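K.L.:
One structure, pasted below without further comment.
Nothing in this text is a laboratory measurement; each read-out follows from the coordinates by a stated rule. Quick caveat, the model's predicted, so the values are computed rather than measured. All Cβ positions, even for glycine, are placed from backbone atoms using ideal geometry, and neighbour counts span all protein chains on display.
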Amino acid sequence: MNNLNFIFDRNADFLHLIDNLSGWSKFVKINDKNQYLEVSSINQKDEKMLKIYAMAREKLKWPNEIALFKWASDGFTLDAFEKNIEKDIDKQSLYDDLKGVIDYFKVKDELVEFARKRYDGVLANKELVLEESKSIKIGLEKSMKIIEVFGENNINMSLPIYIFSGHGRSFGGGANGNGIYIKVDIEPASRDLIKARMVVAVHELIHKMLNVRNKVSSYRDIMSNDIKEKIDEALNEKMIKDKTELGIMEEIIVYTLAEVYQGKKDINKTIKRYEESQKRDDLIRIWRGIKILKPLFDRFMAGEITKEEFVKSFLSKYFEKVYKSK
Ligand SMILES: [Zn+2]
């Protein structure tokens, strides 16, 4: 594996912030907005501009997320917009809307100051991030045996990894488009904290390497008839972000490799936490699935079962115990 392509860029971080403030999708997290509201407010004109942004952004959907960050790091030019955005759509008018909103907020002092301070904090941790990035490669290398089963084992390491401002409980990442992003601390961070952020990069990069749909369909013929039926049913579901059964399966694989193996996250505690918060049914299902399936990962990783045995028992267990569970 060659070097990872980290991108520390204030423009991209700023766009990500506006994206968050706009709340254009129900999957957008609101932690950044809440942090901003602690120090400032959003007035009526701001609100209007954020609405314009959200309407334009909605047309580009999730797969253009990384493309928008590239547009930002290339300086928000029309050229960069046309080059990066993949969509058969009137790009000029979308560009005008999005750029107009960016320009508006670029001269809004409180917001610019807020973003500047946060990114200064990120840059203060940059050295540590670069040092700890070796744990990403180690995590991916350890995961290869499983990744080969459910995806392609060649990762394009030149994929951009955008580094954004993270705060409070907002340390997720994303893999929507040709690259990923992760969030790192805006406060001076310990080595252990930064290491924990790197687990998110492992998580998102593994998403990029998997092709669960293709692989499950290629294993269909070695399965028993009742499992075959369920596989066919799952393959016919439409792929919508994390909502389909195969999406749940993919998250189980990714969380096991990244958060559990690499991040040493406690499975029982995590299940309990999500059950108590009663907010994320998908996460409860994913973590219950991890509990059911991890013993199989362990045995395959330890060389106790062959690839075919692993695939058969994994798919049987998944479709018997996790598929469409509540
Ligand atoms: Zn994920």
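K.L.:
Rounded to the nearest angstrom and ordered from largest down, what semi-axes does the equivalent ellipsoid of the range 211-326 get from its C-alpha gyration tensor (root of 5λ)?
P.N.:
Its equivalent ellipsoid spans semi-axes of 23, 19, 11 Å.
K.L.:
Of all DSSP beta bridges in the chain, what percent run antiparallel (nearest 5)?
P.N.:
30
K.L.:
Between residue 211 and residues 5 or more places away or on another chain, which pairs have amide H atoms under 5 Å apart, with H built 1.01 Å from N, and which residues are they?
P.N.:
151, 152
K.L.:
Please report, in Å, the Rg and the Dmax of the range 82-206, where both are computed over Cα atoms only.
P.N.:
Considering the range 82-206 through its Cα atoms, Rg and Dmax are 17.5, 51 Å.
K.L.:
Could you work out the relative contact order of the range 211-326, using alpha carbon pairs under 8 angstrom and six or more residues apart, expressed as a whole percent?
P.N.:
27
K.L.:
Related question: What does the range 64-133 give for Rg and for Dmax, in Å, if only its C-alpha atoms count?
P.N.:
In order Rg, Dmax, the Cα atoms of the range 64-133 give 15.1, 43 Å.
K.L.:
How long are the three semi-axes of the equivalent ellipsoid of the chain, in whole Å, if each is the root of 5 times an eigenvalue of the C-alpha gyration tensor, listed from largest down?
P.N.:
Its equivalent ellipsoid spans semi-axes of 36, 22, 19 Å.
K.L.:
Cross-link partners among lysines for residue 321, C-alpha distance below 16 Å, same-chain residues fewer than 8 apart left out?
P.N.:
Candidates past the 8-residue exclusion: 228, 230, 291, 294, 312.
K.L.:
Debye calculation, C-alpha points only, no solvent: report log10 I(q)/I(0) for the range 248-308 at q = 0.14, 0.17, 0.21, 0.30 Å⁻¹, in the same order as the q values.
P.N.:
-0.39, -0.56, -0.80, -1.31
K.L.:
Run lengths n ≥ 4 of DSSP H only: what is the helix-derived mean residue ellipticity at 222 nm for the chain, with -39500 (n - 2.57) per run over all residues, to the nearest 500?
P.N.:
Using -39500 (n - 2.57) per qualifying helix, the result is -19500 deg cm²/dmol.
K.L.:
Determine, for each peptide in 254-265, 72-83, 274-285, 195-206, the mean count of other beta carbons within 10 angstrom over its residues, then list the peptides with the highest first.
P.N.:
Order by mean packing, descending: 195-206, 254-265, 72-83, 274-285.
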